[in-house]
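Colleague: If you scroll down you'll find the structure; I have some questions about it.
Throughout, read-outs are computed from the coordinates displayed, never taken from laboratory work. Here the structure is a predicted model, which means the values were calculated and not measured. Here the Cβ positions follow ideal geometry from the backbone for every residue, glycine too, while neighbour counts run over all protein chains shown.
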Amino acid sequence: MKANVVIDIEMCVVQKEYQWKDYPYEHEIIQIGAVMMDEGYEITDEFSTYVCPQYGRIDHFIQELTGIGDKEIMEAPSLEEALDHMISWLSGYEVTFYSWSRTDYVQITREIQTKGMDEEKLAVLLDKEHWVDYQQTAGKRFGKPWRMSLEDALMFAEVEPKGKQHDGLVDAKNTARLIAKMEKNPESRFLQDRLEEEKTGEPLGTSLGNLLGNLKI
């Protein structure tokens, strides 16, 4: 059975004494959020877990950004345990992973390999052919060659975000809602298309206000 799985991770900063020694990277995963969609892009299940970092710590900036503090990670599973749980959750499915940028795939791969986890057991996560960078897909759709934020993409696709940003499960759900709308309506004229039409018509300063006044975003 096929499934589309949207993954979003949150990270903390690794303590300086570990960088370029035991763990040669600046960030470490502290939360994994994921939602499963069927072949029709309807959400059918969800997965969320905090992760106890091995080398990183929660500083004030990360706590303010994500809402994750020491109490959330203190008794959380290690990343290896969390990924084992996720693999069990995915059991029986032929999975295509979606993420917003390649960061999630790169970070998960780095930690699996650096921390000596069972790569055979986690092979589906390591195979980049199973991953779709939907930031790149949306950027092409909206004619934006730079790295679009998820917030901007939701605005252009006229999908109202739900929940607090920078929570792994919330961001995964919002990304899934964006994917569903764009994949089920590939020929739809979204906000970006109408704005481009306005640029070729009457002056943008006048028409943009009229356009946005009629939109429900």
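Colleague: Report the calculated FRET efficiency for V132 and Q165 (r = Cβ-Cβ distance, R0 = 22 Å), to the nearest 0.05. Please list the in-between numbers first.
Modeller: Values: r = 21 Å, r/R0 = 0.96.
For V132 and Q165, the calculated efficiency is 0.55.
Colleague: Greater than 19 Å separation of Cα atoms is the criterion. Which listed pairs, K16/K115; K121/K173; K140/K184, meet it?
Modeller: Numbers: K16/K115 17 Å; K121/K173 26 Å; K140/K184 17 Å.
Long pairs (Cα-Cα over 19 Å): K121/K173.
Colleague: GluC sites (Glu not before Pro) within region 1-88: which are DSSP loop residues with at most 15 other Cβ atoms inside 10 Å? It would help to have the intermediate numbers written out before the result.
Modeller: Working: sites: E10, E17, E26, E28, E39, E42, E46, E64, E72, E75, E80, E81; in loops: E17, E26, E39, E42, E75.
Within region 1-88, the qualifying GluC sites (Glu not before Pro) (loop, at most 15 other Cβ atoms within 10 Å) are E17, E26, E39, E42, E75.
Colleague: Give me the distance in nm between label points sitting 7 Å out from Cα along the Cα-to-Cβ direction at E75 and T114, one decimal.
Modeller: 2.9
Colleague: Can you work out ³J(HN,Hα) from phi for every residue in region 160-176, in order, using Karplus 6.51 cos²θ - 1.76 cosθ + 1.60 and θ = phi - 60°, giving whole Hz and x for Gly and Pro?
Modeller: With coefficients 6.51, -1.76 and 1.60, one gets 6, x, 10, x, 8, 5, 6, 10, x, 6, 4, 5, 5, 5, 5, 5, 4 Hz.
Colleague: I've got another one for you. I'd like the Karplus ³J(HN,Hα) series for region 64-75: coefficients 6.51, -1.76, 1.60, θ = phi - 60°, whole numbers in Hz, and an x wherever there's a Gly or Pro.
Modeller: My calculation for region 64-75 gives 5, 6, 9, x, 9, x, 4, 5, 6, 9, 4, 10 Hz in order.
Colleague: Is there a quick way to get the dipole size of the chain? I mean about its Cα centre, with the Cβ of Lys and Arg at +1 and of Asp and Glu at -1; what is the value in debye to the nearest 20?
Modeller: Details: 24 positive and 41 negative charges, 139 e Å.
Charge dipole of the chain: 660 debye, to the nearest 20.
Colleague: Sticking with this structure for a sec: Mind listing which GluC sites (Glu not before Pro) in region 102-152 are in a DSSP loop and have 14 or fewer other Cβ atoms within 10 Å?
Modeller: Numbers: sites: E111, E119, E120, E129, E151; in loops: E119, E120.
When the GluC sites (Glu not before Pro) of region 102-152 are filtered for loop state and at most 14 Cβ neighbours within 10 Å, E119, E120 remain.
Colleague: Out of D45, D167, D133, any idea which swings most in a Gaussian network model of the chain, alpha carbons joined below 10 Å?
Modeller: In the Gaussian network model the winner is D45.
Colleague: Which order do the peptides 98-109, 134-145 come out in when sorted by mean C-beta neighbours inside 10 angstrom, highest first? If you can, show how the numbers build up before the last one.
Modeller: Working: 98-109: 19.8, 134-145: 16.4.
Most protected by this proxy first, the peptides run 98-109, 134-145.
Colleague: Cross-link partners among aspartates and glutamates for K71, C-alpha distance below 15 Å, same-chain residues fewer than 8 apart left out?
Modeller: Excluding near neighbours in sequence, the set is D59.
Colleague: So I have [x] 17.5; [y] 16.9; [z] 18.8, and one of them is Kirkwood radius over Cα pairs in Å calculated from this model. Which one is it?
Modeller: Looking at Kirkwood radius over Cα pairs in Å for this model, the match is [z].
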